[in-house]
Amino acid sequence: GVEKIIITAGTLEEARNALELARTDSRLYSTVGVHPTRCSDEFMSEKQGEIYLENMIKLATEGKKEGKIVAVGEFGLDYDRTEFCPKEIQQKWFKRQLVSLASEVDLPLFLQLIQDHKVTRGHVVPPIALALAKHPLVDQYKLDSLETLMSGAAPLGGEIQEAASLRLNVLLKQAWGM
């Protein structure tokens, strides 16, 4: 049976909703962070971005105290979809989220959770699947508990799907819709 489920958030509003849902079931946990394709919307100006980041830190601190927000995510870099957010803005706010959320609130990142909690199944978006397939940081973690990954939200190229599957020795499935 399912023992734990982590609900991944890509905006502050999603993180609030995920935390509310996590509070309803002892098996549910959540994350806090801004997905790279949403950085332009969420961090429109320097001032707005700082206020937004401050609110994420408050939510992360509150959720961590309750034991319900367990990681920083979903944030990162997505250079394949810069039409949603330019590379420079992604880089700027990636660094700020990493420093402010991950270190100030002292929450682990995605790979650390997989390793520490021996996660067997996960749901990821294509940029995370790409990172799992190619990023050197992945080699620093013991991820052999993973059996199945589901990639959704957008199509994942066959080459990336195969590379991630082989590297992690997992079944990587896809699902997306319009």
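The values are calculated or read from the model by the stated rules, or taken from the named source; none is laboratory data. What you see is a predicted model, and the numbers here were worked out from it, not measured in a lab. Cβ placement follows ideal geometry from the backbone for every residue including glycine, while neighbour counts extend to all protein chains displayed. Just so you know, the surface numbers come from the protein's heavy atoms only, side chains and all, with ligands and any DNA or RNA stripped out. Shrake-Rupley method; radii C 1.70, N 1.55, O 1.52, S 1.80 Å.
With the whole protein complex present, PHE75 retains an accessible surface near 30 Å², based on a 1.4 Å probe. Ignoring any ligand, DNA or RNA, what whole percent of the accessible area of the stretch 39-178 comes from carbon and sulfur when the probe is 1.4 angstrom? Looking at the stretch 39-178 in its full context, I get 56 percent from C and S.
Over the chain, dividing the summed -39,500 (n - 2.57) contributions of all DSSP H runs of at least 4 residues by the number of residues returns a 222 nm mean residue ellipticity of -12500 deg cm²/dmol.
Using Cα-only point scatterers and the Debye equation, what is log10 of I(q)/I(0) for the stretch 23-99 at each q in 0.21, 0.25 Å⁻¹, rounded to two decimals? Values returned for q = 0.21, 0.25 Å⁻¹ are -0.89, -1.10.
Applying both filters, DSSP loop and at most 13 other Cβ atoms within 10 Å, to the GluC sites (Glu not before Pro) of the stretch 82-161 gives GLU83, GLU147. For the stretch 1-42, the Kirkwood radius over C-alpha pairs fed into Stokes-Einstein at 37 °C and 0.692 mPa s yields D = 306 µm² per second. Per residue, the convex hull spanned by the Cα atoms of the chain measures out at 121 cubic angstrom.
On the beta carbon distance between GLN174 and THR120, with R0 = 22 Å, the FRET formula returns roughly 0.75. In terms of its C-alpha gyration tensor, the stretch 57-136 has an oblate overall shape, because the principal axis ratio a/c (a ≥ b ≥ c, square roots of the eigenvalues) is not below 1.5 and a/b does not outweigh b/c. Once the C-beta distance of THR82 and GLU54 is scaled by a Förster radius of 22 Å, the resulting FRET efficiency is 0.25 to the nearest 0.05. Rounded to two decimals, the Cα radius of gyration of the stretch 97-157 over 2.2 N^0.38 Å is 1.19. The trypsin sites (Lys or Arg not before Pro) found in the stretch 15-110 that occupy coil by DSSP, while having at most 16 further C-beta atoms within 10 Å, are ARG23, ARG27. Accessible surface computed residue by residue for the chain, with neighbouring protein chains in place and a 1.4 Å probe, gives 56 Å² per residue.
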